[in-house]
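Please treat every number below as a calculation from the coordinates, not as lab data. Treat the numbers as computed from the prediction; the structure is a model and nothing was measured. Using ideal geometry, Cβ is built from the backbone for each residue, glycine included, and neighbour counts are taken over all protein chains shown.
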Amino acid sequence: MVINMNRKICDECDGKIVKKNIDYIFLGENLGSFPAEVCTKCGEEVFTEEITKKIAAITKQKGLWGLNDRTKINQIGGSVGVTINKKIAEFLQLRKGEEVIIYPENKKRLVIQVL
C-alpha cells in the first residue's frame with residue numbers, strides 16, 4: 001500500500017504509526033530491508049511509491065514477477081488434472097514423476113505442497 005508517509009495514526013485501526021526498516025518477503029524470498037510506516041496495533045506496513053517501485057524492480061530481476069497463471073481443469077480418465085506452467089514449475093523446481101500433496105484449504109483454494 002502506498003500513501004502519505006507522514007501519518008501518525010493508522011488509517012485502518014487508529015493505532016500508532018512508527019517508522020522502521022522491515023524485511024520484505026515475497027514468495028518466501030527476502031528482497032531486502034526497506035523503510036516503512038508500520039502500525040503498532042494492526043501491523044499494516046506502508047511504503048513510499050519510490051520504495052514500492054524498487055521492490056517491484058527487485059521482484060522482476062529475481063524472476064518472481066508474474067508467477068501466476070490461468071489454467072483450465074482437464075479431464076484425465078475418471079479424474080481431473082491441472083496444468084502448471086513452465087515458469088511456476090521452474091520456480092518450484094518440479095520434475096516429472098515427483099510427488100506432491102494436494103488438499104483443499106477451503107471451497108475456493110487448492111494447495112499443492114511440494115515434498
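Values computed for the structure shown
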read-out	value
Given charges at beta-carbon only (K, R positive; D, E negative), |dipole| of the chain in Debye	280 debye
Value at 222 nm in deg cm²/dmol, rounded to 500, when DSSP H runs of n ≥ 4 in the chain each add -39,500 (n - 2.57)	-5000 deg cm²/dmol
Residues ILE102, ILE17 arranged by fewest to most Cβ contacts within 10 Å	ILE102, ILE17
Those GluC sites (Glu not before Pro) in the stretch 1-84 that DSSP places in a loop and that have at most 15 other beta carbons within 10 Å	GLU12
Mean separation of Cα contacts under 8 Å (6+ apart) over length of the stretch 1-52, as relative contact order %	39 percent
Cα Rg over Rh - the chain, Kirkwood	1.10
GNM flexibility winner over the chain from VAL100, VAL38, VAL80 (Cα, springs under 10 Å)	VAL80
Taking the chain and dividing mean pair separation by its residue count, relative contact order in percent (alpha carbons under 8 Å, at least six apart)	16 percent
On Cα atoms only, tilt of 49-61 relative to the major axis of the chain in degrees	30 degrees
Relative contact order for the stretch 73-114, counting Cα pairs under 8 Å that sit 6 or more residues apart, in percent	24 percent
Charge dipole of the chain about the Cα centre (unit charges at C-beta), most positive-ward option of GLY97, GLY78, THR40	GLY78
